[in-house]
Each structure stands twice: as structure tokens, then as C-alpha cells.
1. Is one or more of the residues making up the stretch 170-181 under 27 Å from Gln372 (Cα atoms), within 20 Å of the chain's Cα centre (by Cα) and without any contact (Cβ under 8 Å) to a residue 40 or more places away in the chain?
2. With respect to Leu290, is the statement that it is closer than 18 Å to Asp194 by Cβ, touching a residue at least 60 places away in the same chain (Cβ under 8 Å), of a type outside the set (Lys, Arg) and assigned to a helix (DSSP H, G or I) true?
3. Having 3 or more residues that are over 23 Å from Pro140 (Cα atoms) and touching a helix residue (DSSP H, G or I) at 6+ places or on another chain (Cβ under 9 Å) is the bar; report the helices (runs of 4 or more DSSP H) wholly within the stretch 316-398 that clear it.
4. When the stretch 58-69 is examined, which residues are found to be under 35 Å from the mean Cα position of the chain (by Cα) and under 16 Å from Gly11 (Cβ atoms)?
5. Where residues in the stretch 233-267 are aliphatic (A, V, I, L, M) and within 30 Å of Leu390 (Cα to Cα), which of them is surrounded by the most Cβ atoms within 10 Å (Cβ to Cβ)?
6. Please state which one of Leu424, Leu428 is at pLDDT 95 or above, touching an Asp or Glu at 6+ places or on another chain (Cβ under 6 Å) and either farther than 18 Å from Asp166 by Cβ or surrounded by fewer than 14 Cβ atoms within 10 Å (Cβ to Cβ) (or both).
7. In the stretch 268-287, how many are open to solvent by less than 10 Å² (accessible area, probe 1.4 Å), part of a helix (DSSP H, G or I) and within 17 Å of Ala388 (Cβ to Cβ)?
Amino acid sequence: MSEKAKIGLIGLGVMGENLALNIESKGFPIAVYNRSPDKVDDFMQDRAQGKKITGFKDIPSFVDAIERPRKIVLLVKAGAPVDDTIDKLRPFLDDDDIIIDGGNSHFEDTIRREKSLALDDVYLIGSGVSGGEEGALHGPSLMPGGDRKAYDQIKPIWEAIAAQVDDGPCVTYLGPDGAGHFVKMVHNGIEYGDMQLIAEVYDIMRRGLKMEAGEIADQFATWNEGYLDSYLIEITSEVLTVEDKETGKPLVDLILDKAGQKGTGRWTAQIALELGVAIPTIDAALTARLLSSMKEERVEASTLYKKEVAVPSNVGVQDMLKALPRALYASKVCSYAQGMALIDKGSKNFNWNIDLKETARIWKGGCIIRAQLLEQIRAAYERKPNLANLLQDSEFGAFIEESQESWREVTTFAQSAGIAIPALSASLAYFDSYRTASLPQNLTQAQRDFFGAHTYERVDKPEAGAVHTDWPTLVKKKTRTK
């Protein structure tokens, strides 16, 4: 090629092809490579025809075609394939070249890889990319982390290809080493929570209120015009309108109820435990997917527990339809509060200095969890940059205070009807725990001190520090009667 490419990309899956087309459409000639030569041929003969995209079937030629310092995007499967691709690239890279890992890599792998590449004076940017196929093509939300000087090199491209919203492109520098992939991981955890909450509300309408798929679609479409406006609510309303061509039934009713996962939800739960951050809604969503995978066991159990659970008859359909959106929104606020608290704790633990206001802003467009709610979250952090938790924000607090009755009506109705609502219940429990000045863990501490001498602190003598009681000698023995 006569003109050097401004950037290169490895991995021509659907995401890779779409991102390459996005980059080229913004005025940046691009070189592409895939380990399967047929993929390169197919792309170049079809979607890349007539564009400033050049395909390569060997790494040396691919690397040589890119303007220095080289910028090379990896869109390959997380884990070993990323390490393998980096190993194949390394011998052909020069000082100050930049590798951009755009996959869902674990942030600790990103930290490790960045340190290793630094030995060769090569930079690594770990950049989360959210928005699916459409986002990659038309404008994703981008979450980059790594060396600031390296990010400044790719910034013009990243800002050009990102989704654009009222206050700028949906990309910001998040912090050093693994910050970008950490934020993307938590983003995906929030996505798990969002999807589970929506599924539970759907289940309440379908099984609890005996509504047809089309009626439920209308409800979600209506809610999407108000404060629940979001990408996931929108596509839910659309999914529920699709009919199976063969049977004429709602296609959603013919889909096996086994939800898959790719690991980021599990990683979110694991790091939350390690950092000591409570994320019960996200945990519940992860557990719900695991339970859904136990299809055969659930079918067998359904034959063992045959007693019908009567749907409460004293609840009107219209009253429940008024309560459901409030319960859903309040639960979503709690889920986002958990995710933002985890990002904040991770930022402090790893010294990343992540800007939570900017994090919320770049999720407003392009990504799967984009929602009107994110502007409210951004505004909350603008009002108070050091906000410890979204539940401490006055505006969110006012909405939840007004929604409590509806929230509790919904959870009571579902549980009375035997409908599992792990995420809705977890969000409500999170709120109730967070707003309670005195929790029953005083008893937990007493038990721990009794059997393990783990000590406790006294509320009336904080200056005493950790104390231990010889409980068995103080227990008042009672005579048990048969």
C-alpha cells in the first residue's frame, strides 16, 4: 500500500470487522490481519471493498504497513489468545509502539501484560469496548486505561469512533494499567443486574398478572418513554413483539430458559468479595443465570413440588402495573450504586484515580447499559464528587423514598405468587440494610466471639478497642423441659 495505515487491527470477527469499518469511516486508513487467511479474503472482497482498508495474511507485512509509532488493536478472545497474539507481534514491534486490547480481558491480566511489554518499551492500552455489533460499527462506549502518553496517541481516533452524546464523545481516559478493563468488567456486572431485573418484572407480568407477550411489550414501550428510558428496556419491548414464523407464537416463549455468561459477571463478584464491597443485585443476577443452567434438575424438581401457589387475588392488575416501573427503577438505582461503589473501591485500592462522573457520562451512549438514569448519576457526582454511594444523593433518595411502598408491594406480590425475584429482592434488601443504623450483626459478632474468640467492639466504650468475653462462664443455665 502506498499510504501507511494510521492504525492496525487483529481479529476479524463481527466486532473486529465493524470496528475496522468504523475507524476507516472516520478518516483513518487501517490495516487488518486475522490468523485465518480466509477471513481476510472474505472481508476484503465484501464489506471492505473500495475502502481505505488493507488486508494482510502474515504479521510482519501487517506490522510494516502501519505508521510509527504503531497502534494495533486486538479484538481476540480473552485469555490465552491475547497472550499468544502479543507473543507473535513482539518480535516485529519497535520502541513506543502501542497495543490496544479491546477485548474483555481480566484487568489483572492487563496489568501483567503491560509490565511485560514495558520491558520492550512497548505500551499496552486495555480498552473496554461496549455496544455490541452496532456499537462497534456506529459508535461504542470506550473505556481505556494504561499509560497516559500512550492514550494521548490514540485519543484522536478513539474520540472520533466513540458514540457521541450531548456532552461529548463516550470515551475518557480512566487511569493507569488495568483501570479501563476494570471499569468494563464492572459495567458488565451492572449489565447482568439490569437484565435480571427486567426479566423478573417480565416474569411478574407474564405469570403473575397473566399478560400476553404483546401486552408486556406495550408496557415496556410505554415505560421507555419516561424515566426508565434505556437501551435494554427498548430492546425488551421489541423482542416481545416478534412472532415465530412456524408457529405464530411469541418467539420468546420458544427460547430455552438457560442463560449463558462469558466470565465478566463472575469476575465482578470475585473482586467485590476481595475488596469487601457489597454487590447483592449483581450477585443475584449471576446466581440466577447459574440456576437457569440447571434446566434438567429444575424440571425434575417441578414434578416433586406440585402444590399450586395461588396468585394473590387482592391485587389489581392496573395497581401492579403502576407499582412495577417504580420498583424496577429503584432496584436499578441500587444496582448502579453497587457498581459505582465497586469502581470507587477498586480505584482507591489500585491507585487509579477514576473519575466516577466521567465514567457515568461515557456510558450515556453506545453501550449496552446506556440509559437516561446515567445522566442522573453523572449529575449526582457533579453535585458531590466524593459521594460515597448513590443512595446518599438527595435526588435519588427522594425518588426511592416515594417508591418504597410500590417496591414492597411488588416484591410481596411476587413472593406470594411463588415467582422468584432474586435481583429485585436483593436490591430492596441492599436499600433496607444501607438505610439501617443498627443491623443484627451485633449478634453475629457475639456468636463469633463465643465460638472463636474473634473479639468485638462495644458501642458504649469505643475507646476499649477489641474486647473478648468468656461467654460460657456467663451464660445463665436454664432447665429444659421435655
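The values are calculated or read from the model by the stated rules, or taken from the named source; none is laboratory data. Keep in mind the model is a prediction, meaning the values are calculated, not measured. Because the Cβ atoms are built from the backbone with ideal geometry, glycine has one as well, and the counts that use them run over all protein chains shown. When the accessible area is computed, the model is the full protein with side chains, heavy atoms only, and any ligands, DNA or RNA have been set aside. Shrake-Rupley method; radii C 1.70, N 1.55, O 1.52, S 1.80 Å.
1. yes
2. In short, no.
3. On the way: elements: 317-350, 356-362, 372-383.
Qualifying helices (runs of 4 or more DSSP H): 317-350, 372-383.
4. Ile59, Phe62, Val63, Ile66 - these are the residues of the stretch 58-69 that are under 35 Å from the mean Cα position of the chain (by Cα) and under 16 Å from Gly11 (Cβ atoms).
5. At the first step, the residues of the stretch 233-267 found to be aliphatic (A, V, I, L, M) are 233, 235, 239-240, 242, 251-252, 254-256, 259.
So of that shortlist, the ones also within 30 Å of Leu390 (Cα to Cα) come out as 233, 235, 259.
On the way: Ile233: 24, Ile235: 14, Ala259: 16.
Ranking the candidates gives Ile233 first.
6. Being at pLDDT 95 or above, touching an Asp or Glu at 6+ places or on another chain (Cβ under 6 Å) and either farther than 18 Å from Asp166 by Cβ or surrounded by fewer than 14 Cβ atoms within 10 Å (Cβ to Cβ) (or both) holds for just one of Leu424, Leu428, which is Leu424.
7. Going through the stretch 268-287 one residue at a time, the tally reaches 1.
Residue-wise test of (1) of a type in the set (A, V, I, L, M); (2) in contact with a Gly (Cβ under 9 Å, 6 or more places away or on another chain); (3) at pLDDT 95 or above; (4) within 17 Å of Val186 (Cβ to Cβ).
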position	(1), (2), (3), (4)
Asp83	no, no, yes, no
Ile98	yes, yes, yes, no
Glu108	no, yes, yes, yes
Ser116	no, no, yes, no
Gly146	no, yes, yes, no
Gln153	no, no, yes, no
Ala160	yes, yes, yes, no
Gln164	no, yes, yes, no
